[in-house]
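The values are calculated or read from the model by the stated rules, or taken from the named source; none is laboratory data. Because the structure is a prediction, the values reported are computed rather than measured. Here the Cβ positions follow ideal geometry from the backbone for every residue, glycine too, while neighbour counts run over all protein chains shown.
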């Protein structure tokens, strides 16, 4: 494909877009707060036009949209593509808004013992990471509000699992009894307290149990108030790793630097040597997907 | 002891009191919303007077107060009594407000791998249950905001563990992404959905993972909105039981009927045959404690 790509990552609370040259070079980036929750039905085309109408009007530009824009509450529902799924399956399942010009990338679904799991947007990051690293096999971890652990084999997502890690951390941090003794502002990460939390989570057997230690250690003056947020972060991230123990030997982390730094610390303490990638995975994933399309 | 006992259970958000005859008969009960969080320092004696001044003025009445009234934020701090602890240890550690007349019952503490655990008030319920059942050995489970699993040997609490089950259920129910699709009101318990949650928690390995199934099952129309609160309750209670698996063969549940019913259902599905006791355990525990005191 020799056309320019307009890559759009349209999530719940924000919209990011990039103009990407045929050779993969990111030429320009933009973002706005017009996440899908702020966009009424029918207004999605106008918001896209507003954000990058000038790009869309360029000759032969192709626009691929990933993320929650493809959900029931989004622009148009793009039914989940069932795992195992690679570039080919996802390309065939694109939901075209305008033929050969604007399409929504579907999310992925998989099943474990009769219980479905889903993702929307993260699959594009995994595809991008595979392309950037030239790696078609392995474990990809995407930390976040809802962390995803993605098993890739032969360039296809074989299965994945979701952990509500970031969300439950925020609930404990802001609304639980623990929040009463926590400082309002997070200091820079206290690595020792963080790793102490990871260690305790690995041994407590459940976050329901481990979380109470943030209270009792403070009660007995064995944890300073300033260290409590880092300790709690270690407990919650450590719980995610405990659930997937033994720790993997290798993994690729994809996400913000703030998060991948914490996960890398925790994983290293368990004997895993992860690599980390940031936001570039999304643009690379959409570009790599565009290349696989049979378009003029 | 031949004196009347005024038993007071003074918690965070409420105060309950009972007048108990020397033979253990509960003669009268009262309650108010004056939990310790609503009582400024120095005003505790006045609130007690207001609630049961007429009882206190009776000849020779003894008053024992259990619960958070003995915490740093309460009437007077009664330092935790270290486990193992039975009637004797607790009786010797009473914090007397007025000699031989009004005392605060201390809570218990224990340690697991350098991490302390604490309770205030539940120890009295366990003592009451032991006395009511004539049982000095076994596992006592007190479901609640912070559930306690208490191991008793030879009439003494040997150790215990806290699970933030009720609190994390409330956080998920009210503040998480799951709350968006949950009905505002809880229908009566849907037992099948509840047990499905218990089963899934046992297999998911962590609540961080299991909780997301409440969302995906709903998304794929495999769980009706009306069944979701029961399913989520099963997930969270099931997580507490998973953390202590294999399930105990026998256990005594102490708490409100609404909660012990759910725990009994979950425990039975795992092969445990629990007995259940309600609020009478508190009065019986304070009365049994009073009998062990060397008082005129």
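Some observations on this one:
- From B:34, B:16, B:58, residue being touching a helix residue (DSSP H, G or I) at 6+ places or on another chain (Cβ under 7 Å) and outside any helix (DSSP H, G or I): B:34
- Test: residue in the stretch B:258-274 that is more than 14 Å from chain A (Cβ to nearest Cβ), under 27 Å from residue B:31 (Cα atoms), without any contact (Cβ under 8 Å) to a residue 24 or more places away in the chain and surrounded by fewer than 24 Cβ atoms within 10 Å (Cβ to Cβ): yes
- Only one of B:116, B:84 that is out of contact with any helix residue (DSSP H, G or I) (no Cβ under 8 Å at 6 or more places or on another chain) and surrounded by fewer than 19 Cβ atoms within 10 Å (Cβ to Cβ): B:84
- Among residues of the stretch B:151-181 being part of a strand (DSSP E or B) and more than 14 Å from chain A (Cβ to nearest Cβ), the one that is nearest to residue B:112 (Cα to Cα) is B:158.
- Subset tally (residues that are within 14 Å of residue A:25 (Cα to Cα), within 14 Å of the chain's Cα centre (by Cα) and surrounded by fewer than 17 Cβ atoms within 10 Å (Cβ to Cβ)) for the stretch A:275-296: 1
- Qualifying positions in the stretch B:245-288 - in contact with a strand residue (DSSP E or B) (Cβ under 7 Å, 6 or more places away or on another chain) and in a helix (DSSP H, G or I): B:260, B:263, B:264, B:267, B:281, B:282, B:283, B:286, B:287
- Complete set of residues in the stretch A:216-225 that are within 12 Å of chain B (Cβ to nearest Cβ) and assigned to a helix (DSSP H, G or I): A:216, A:217, A:218, A:219
- Residue match in the stretch B:226-236 (condition: at pLDDT 95 or above, assigned to a helix (DSSP H, G or I) and facing another protein chain (nearest Cβ under 10 Å)): yes
- Of the listed requirements (1) touching a strand residue (DSSP E or B) at 6+ places or on another chain (Cβ under 9 Å); (2) within 28 Å of residue A:204 (Cα to Cα); (3) within 8 Å of another protein chain (Cβ to nearest Cβ), residue B:242 misses just one: (1).
- Hits in the stretch A:189-215 - residues which are in a loop (DSSP other than H, G, I, E, B) and either at pLDDT 95 or above or away from chain B (no Cβ under 11 Å) (or both): A:189, A:190, A:206, A:211
- Within the stretch B:37-50, tally of residues that are part of a helix (DSSP H, G or I) and more than 16 Å from residue B:12 (Cβ to Cβ): 5
- The residues of the stretch B:121-141 that are within 18 Å of residue B:288 (Cβ to Cβ) and within 14 Å of chain A (Cβ to nearest Cβ) amount to a single one, B:122.
- Yes/no for residue B:114 being closer than 28 Å to residue A:199 by Cβ and not assigned by TED's automatic domain parsing to the domain that holds residue B:248: yes
- Condition met for residue B:278 (in contact with a helix residue (DSSP H, G or I) (Cβ under 7 Å, 6 or more places away or on another chain) and either over 30 Å from residue B:95 (Cβ atoms) or within 14 Å of another protein chain (Cβ to nearest Cβ) (or both)): no
- Just one of the listed residues (A:111, A:98) is surrounded by fewer than 18 Cβ atoms within 10 Å (Cβ to Cβ), within 14 Å of chain B (Cβ to nearest Cβ) and touching a strand residue (DSSP E or B) at 6+ places or on another chain (Cβ under 9 Å), namely A:111.
- Only listed residue being more than 20 Å from the chain's Cα centre (by Cα) and closer than 30 Å to residue B:164 by Cα, chosen from A:263, A:231: A:231
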